[in-house]
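The values are calculated or read from the model by the stated rules, or taken from the named source; none is laboratory data. Every value quoted in this text rests on a predicted model; they were computed, and no experiment measured them. FYI the Cβ positions are ideal-geometry reconstructions off the backbone, even for glycines, and counts take in every protein chain you see.
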Amino acid sequence: MLNKVTLLVITVLLLTGYPVQADNLQQLEKYQNELENVQEQLLIYQNNELNEQMKQEMIQLNKRVSELKGYVKAYEIAQTNIFIKQQLVKLDPNAKLFFPASTTRITSYFDNNRKHPITGENKAHIGIDIAMPGNQYIYAAENGKVIDVYKEYDGRMNGYGDAIMLQHQIDIDGDGQKEVVTTFYAHLMPNTTQVTEGDVVDRGELIAQMGTSGISTGQHLHFEVHIGNWSKQNAVDPMLFLN
Ligand SMILES: [Zn+2]
């Protein structure tokens, strides 16, 4: 029974490792917290001889677990239904971003249909992963503005750990008009962020150090590029913008 609960919590953690829409995220986090609490309570029962009252309480807790499981499943379905449309942009070959890390070792590519390695579910990977141990530095991909700085435990970008969001004006199709492009840098090493919201950054400016905060199996930068404001739907393959 405990294994079931643990599995469930792991599922929730895995689930929150991927972006969901902001309003969903908040709700999902609520369920996740409650599940954690229920799990703790169940652990207490696990380690004790149960009297009749405790048995009844345990039944109630298990009921709640299956309810929560249902809610989480609903969010899961909503999430997998989100189809990320890669915007068809005719790229200007000169519209290249500054490579955002001090290592160019890419370990995972953008993939709209990636199967999750554990659950086997379709979970899109809307960025690229750049990984290398040791001191590695993260750079602003273009001149721009810091529009948000996230902390692992602020509950706003669950799973991404410490993260930075930048916004740029780039003529990506060479038509003379500038488009809004958002870049996102995740799993940063805590307390290495060099910028705060509202700062203006230069292309290639050091903004943080590579880390493994959030849901991450090792030190890496998860890097996303979006046309327009950040949303799951407008992520584009960062490799299109990198040399
Ligand atoms: Zn990634």
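Yes/no per residue for (1) closer than 15 Å to PHE98 by Cα; (2) more than 12 Å from the ligand (Cβ to nearest atom):
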residue	(1), (2)
MET189	no, yes
VAL201	yes, yes
GLY214	no, no
ALA235	no, no
ASN243	yes, yes
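Residue-wise test of (1) farther than 25 Å from MET132 by Cβ; (2) hydrophobic (A, V, I, L, M, F, W, C).
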| position | (1), (2) |
| --- | --- |
| ASP154 | yes, no |
| ALA163 | no, yes |
| ASP173 | yes, no |
| LYS178 | yes, no |
| ASN191 | no, no |
| GLU197 | yes, no |
| VAL201 | no, yes |
| SER216 | no, no |
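Take the residues in segment 31-82 that are in a loop (DSSP other than H, G, I, E, B) and more than 30 Å from ALA235 (Cα to Cα), then tell me which one is modelled with the highest pLDDT.
If we take residues in segment 31-82 being in a loop (DSSP other than H, G, I, E, B) and more than 30 Å from ALA235 (Cα to Cα), then ASN51 is modelled with the highest pLDDT.
Which of (1) exposed (fewer than 15 other Cβ atoms within 10 Å of the Cβ); (2) at pLDDT 50 or above does ILE10 not meet, given it meets every other one?
(2)
Taking only segment 206-222 into account, find how many residues are surrounded by 17 or more Cβ atoms within 10 Å (Cβ to Cβ) and either outside the structural domain of VAL236 (by TED's automatic domain parsing) or not in a strand (DSSP E or B) (or both).
The number of residues fulfilling the criteria is 6.
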